[in-house]
Amino acid sequence: MTGDTDIAIVRDFMAEFAGLTGLDPPRTPPRRYLWTDAYAVCNYLELFHRTGDTSYRDLALRLVDQVHHTLGRHRDDDPRTGWIGGLPDEEGEAHPTRGGLRIGKPLPERGPDEPFDERLEWDRDGQYYHYLTKWMHALNRVSRVTSDPTYTRWAVELAQAAHAAFTYTPSSGGRKRMYWKMSIDLSRPLVPAMGQHDPLDGFVTYSELQMTAAGGCGGSLQPEIVDMAGICRGGNLATDDPLGIGGLLFDSGRIVQILEGSGRIVQILEGSGRIVQILEGSGRIGPLAGREGSAYEDLLAPVLDAALAGLTRFTGGGTLRYPADYRLAFRELGLSIGLRGVGILVERVRENQDLSRRAEALMRYVPLADEIERFWMDPDNRKAGTWKQNREINTVMLATSLAPGEFLAV
């Protein structure tokens with residue numbers, strides 16, 4: 001959806017979100033949630049891009065400030081105070097992401113001596129790696145739009161802090177792994193399992209930041225990129241979860257843009273003996289060759305294969321025929337957002353026969369994005385309990401799906 005009417009709908013959704021969460025008009029304390037806020041920042045930047053109205057850029061910047069001063073500091077019901085990384089106030093203002101950022105869940109985090117309760121853990125605070133990478137991406141988009149390197153520097157500092165805390169080498173030896181959820185102060189794991197797509201998401205997000213930082217926007221993430229590449233190697237990416245499939249498509253689009261825009265990622269991957277050839281000025285990735293194949297194809301092909309397999313399984317399950325009370329909008333909208341980038345992906349890999357074949361196979365599923373959007377645009381479906389219980393995240397992600405340009409860019 002690209003017309004003026006569609007943008008008016010997005011404007012209404014984002015005004016609703018701003019009012020609900022205390023962004024505009026400002027309310028103390030605001031209600032901040034890191035995942036939703038990352039998408040919202042990109043939505044405001046998209047509205048600024050599409051309308052030229054600077055108030056939307058200002059809302060994006062105000063939201064960044066609220067997130068850092070809310071989720072970068074301890075909860076009101078926590079005996080600890082100040083920045084969660086322990087920095088003095090002045091230093092914390094200059095480096096608000098060095099201690100990471102809280103999720104924004106309603107309940108306090110589980111204490112060190114409290115037993116694990118799987119049901120309660122979903123509502124307890126802490127830090128999620130995959131939320132932090134979404135915020136890194138949002139900060140990077142702010143730098144790109146405003147030409148202010150501060151935001152990418154904060155994203156790089158967040159990446160360094162998150163990587164140091166979430167990655168570990170098992171006591172039994174072997175390759176590094178990742179925790180799924182950490183405590184607010186990043187001192188202990190709350191859920192030790194590894195998120196299925198966290199290593200891939202980290203690798204791609206670090207690479208995105210590195211590309212921007214190479215222009216003078218921050219420090220190097222090369223050690224973290226190399227580290228994450230090792231954790232990614234041989235991982236199983238296949239999933240039938242629509243949000244997970246959408247994430248694979250989102251990462252695919254970013255991989256192509258990164259490889260088009262930066263030679264630095266090539267240097268990082270050349271250590272394995274693989275070489276990427278980028279056709280300058282074509283706007284597309286050309287034939288790729290190397291002693292053991294190409295780095296680009298080695299990274300991108302399995303991601304596209306996993307997305308295609310997941311779409312086949314998901315559509316075969318028939319859940320899109322269920323009534324609204326049995327569906328989770330934000331998970332489906334994650335898929336529709338990813339599908340919105342497939343057409344551009346196809347164009348960018350057209351000159352690589354193997355990758356083009358994979359990307360073209362995804363095109364048959366692109367109409368699902370319209371189907372999902374139409375369903376949740378229906379006011380009757382938004383009366384369902386599953387919509388109301390997750391109103392803010394659903395509203396913001398529906399807006400992203402309708403106008404995804406800034407979110408899908410690097």
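We did not get these values from a lab; they are worked out from the coordinates using the rules stated. What you see is a predicted model, and the numbers here were worked out from it, not measured in a lab. All Cβ positions, even for glycine, are placed from backbone atoms using ideal geometry, and neighbour counts span all protein chains on display.
Descriptive notes on the structure:
- The calculated FRET efficiency for Asp370 paired with Leu120, based on their beta-carbon distance and R0 = 41 Å, is about 0.60.
- D_trans [Stokes-Einstein, Kirkwood Rh over alpha-carbon pairs] for the chain, 20 °C, 1.002 mPa s, µm² s⁻¹: 99 µm²/s
- Summary: within the chain, the longest segment free of chymotrypsin sites (Phe, Trp or Tyr not before Pro) located in DSSP loops with at most 12 other C-beta atoms within 10 Å is 123-410.
- For the peptides 95-104, 70-79, the ranking by packing is 95-104, 70-79, with the highest mean count of neighbouring Cβ atoms within 10 Å listed first.
- Viscosity 1.567 mPa s, 4 °C: Kirkwood-radius Stokes-Einstein D of the range 98-212 over Cα pairs, µm²/s: 87 µm²/s
- Measuring gaps between exposed loop sites in the chain (GluC sites (Glu not before Pro); DSSP loop; at most 13 other Cβ atoms within 10 Å), the longest gap, sites not included, is 1-279.
- Placed amide H near Gly82: partners under 5 Å, 5+ positions off or other chain: His74
- Using the Cβ-Cβ distance between Arg313 and Arg357 with R0 set to 22 Å, the FRET efficiency works out to roughly 0.65.
- Here each label is just a point 7 Å from Cα along the line to Cβ, and for Asp305 and Lys176 those points are 2.6 nm apart.
- Each Cα pair under 8 Å and six or more residues apart adds its sequence gap; the mean of these over the residue count of the chain is a relative contact order of 17 percent.
- FRET efficiency, 1/(1 + (r/R0)^6) with R0 22 Å, evaluated for Thr28 and Glu90 via beta carbons: 0.50
- Helix-only CD estimate at 222 nm, as mean residue ellipticity for the chain, using -39500 (n - 2.57) per DSSP H run (n ≥ 4): -17500 deg cm²/dmol
- For the range 41-132: rounded, prolate or oblate by the Cα gyration tensor [a/c cutoff 1.5]: oblate
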